[in-house]
Amino acid sequence: MTANELISRSLKTIGVLASGETASSDNVADSLVVLNSMVDSWATQRLTIYAVTRNVFDLSASTQEYTIGTGGTFNVVRPLSIQNASIILDKNASSIQKIELPIRGPVTVSQWQDVAIKGTISTYPNLFYYDRAWSAGLAKISVWPVPNNSDVQLVLYIPTALIKFADLTTDYTFPPGYEEALRYQLALRLSVEFGSQLDQLTYQLASESLADIKRANLGDETLRIDPALKTSGGRYDWRTDQVR
């Protein structure tokens with residue numbers, strides 16, 4: 001689906017276009033701005049993100065801080081969050097012999113503050129801190145302890161949002177449910193832009209289609225509890241605050 005097709009469908013949904021009509025270039029340009037603003041907003045909602053990508057980055061000896069974002073040391077889209085992280089002990093090992101070990105993080109601001117000697121040197125880091133400060137589109141990753149070699153790699157598991165539509169003609173594909181959610185959610189926003197009145201069914205479709213993709217993206221994470229709070233042989237039910 002191209003941005004032009006999506007915009008045309010949404011404009012027909014709100015009654016700006018009739019069947020067989022073509023939108024003016026001004027209307028399409030305005031709609032593309034609204035569409036990309038919506039996609040940008042979706043990037044802040046974890047449940048509109050369907051993919052967690054595994055990204056492997058080289059670490060440098062005696063280097064603690066790395067920029068992350070487009071054009072940064074870690075050259076990926078600046079993440080809103082980082083779900084998990086690991087280290088690869090020896091990047092020069094054969095692919096079947098590489099060892100990947102989970103590390104702590106991203107630690108909180110308070111936990112990073114508690115690291116008293118931040119320049120501690122060791123063979124491998126065992127935690128990292130994600131500083132979301134915005135500097136020319138870049139954030140910052142700090143690892144601790146600082147590795148004393150360049151053989152170690154950092155693996156970041158990053159929820160990766162939809163990218164903005166670069167133009168009107170590039171054909172994009174989406175997981176099941178996204179085309180409908182994009183169409184009706186865009187229709188809601190364009191109705192404000194063009195001053196159109198929507199019927200109740202359109203609002204319902206917009207709500208249901210967005211809820212559908214959020215349910216699909218909910219994932220299978222389980223609720224955890226400190227074992228010290230459980231009695232032997234029991235299970236904690238978070239709904240009733242009881243151990244059974």
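The values are calculated or read from the model by the stated rules, or taken from the named source; none is laboratory data. Remember, it's a predicted structure, so these values are computed and weren't measured experimentally. Here Cβ is always computed from backbone atoms with ideal geometry, including for glycine, and neighbour counts include all displayed protein chains. Heavy atoms of the whole protein, side chains included, go into the accessibility calculation; ligands, DNA and RNA do not. Shrake-Rupley method; radii C 1.70, N 1.55, O 1.52, S 1.80 Å.
Volume per residue of the convex hull around the Cα atoms, evaluated for the chain, comes out as 204 Å³. The residues of segment 1-130 have, on average, 53 Å² of accessible surface per residue, using a 1.4 Å probe with all protein chains present.
Taking all Cα-Cα distances within segment 1-110, those exceeding 19 Å account for 65%.
Summarising the label geometry, the points placed 7 Å from Cα in the beta-carbon direction at A166 and N92 lie 3.7 nm from one another.
Can you pull the percent of segment 1-78's accessible area that's carbon plus sulfur, 1.4 Å probe, other chains left in place? About 45 percent, which is the carbon plus sulfur part of the accessible surface. Label separation (S135 vs I99): 3.4 nm, computed from points 7 Å beyond Cα along the C-beta direction. Which whole-number percent is the relative contact order of the chain (Cα, under 8 Å, 6+ apart)? It rounds to 27 percent for the chain.
For segment 84-181, averaging the sequence separation of C-alpha pairs within contact (under 8 Å, six or more residues apart) and dividing by the residue count gives a relative contact order of 29 percent. Checked against a 28 Å cut-off, the cross-linked pairs K91/K214; K91/K118; K12/K164 give Cα-Cα distances beyond that limit for K91/K214. Anything in the chain that counts as a DSSP H helix reaching 18 Å or more along its axis (C-alpha) with Kyte-Doolittle mean of at least 0.0? List them, would you? Answer set is 25-42.
With the dipole of segment 1-122 worked out from charges on the C-beta (+1 for Lys and Arg, -1 for Asp and Glu) around the Cα centre, which of M1, N84, A43 lies farthest toward the positive end? Result: N84.
Using just its DSSP H runs of length 4 or more, each adding -39500 (n - 2.57), the chain gives a mean residue ellipticity at 222 nm of -9000 deg cm²/dmol after division by all residues. Taken about its Cα centre, the chain carries a charge dipole of about 800 debye when Lys and Arg each add +1 at the Cβ and Asp and Glu each add -1 at the Cβ. A simple spin-label model places the labels of L218 and V76 2.6 nm from each other, with each point 7 Å out along Cα-to-Cβ. Efficiency by 1/(1 + (r/R0)^6): what FRET value for S41 and N126, r their Cβ-Cβ distance, R0 = 25 Å, to the nearest 0.05? E(calc), rounded to 0.05, equals 0.10. Averaging the Cα positions of each part gives two centres, and for segment 6-43 and segment 69-134 these lie 41 Å apart. Counting protein heavy atoms only, segment 147-226 has 49 percent of its accessible area on carbon and sulfur, 1.4 angstrom probe. In this structure, S24 and Y157 have a Cβ-Cβ separation that, at R0 = 45 Å, corresponds to a calculated FRET efficiency of about 0.55.
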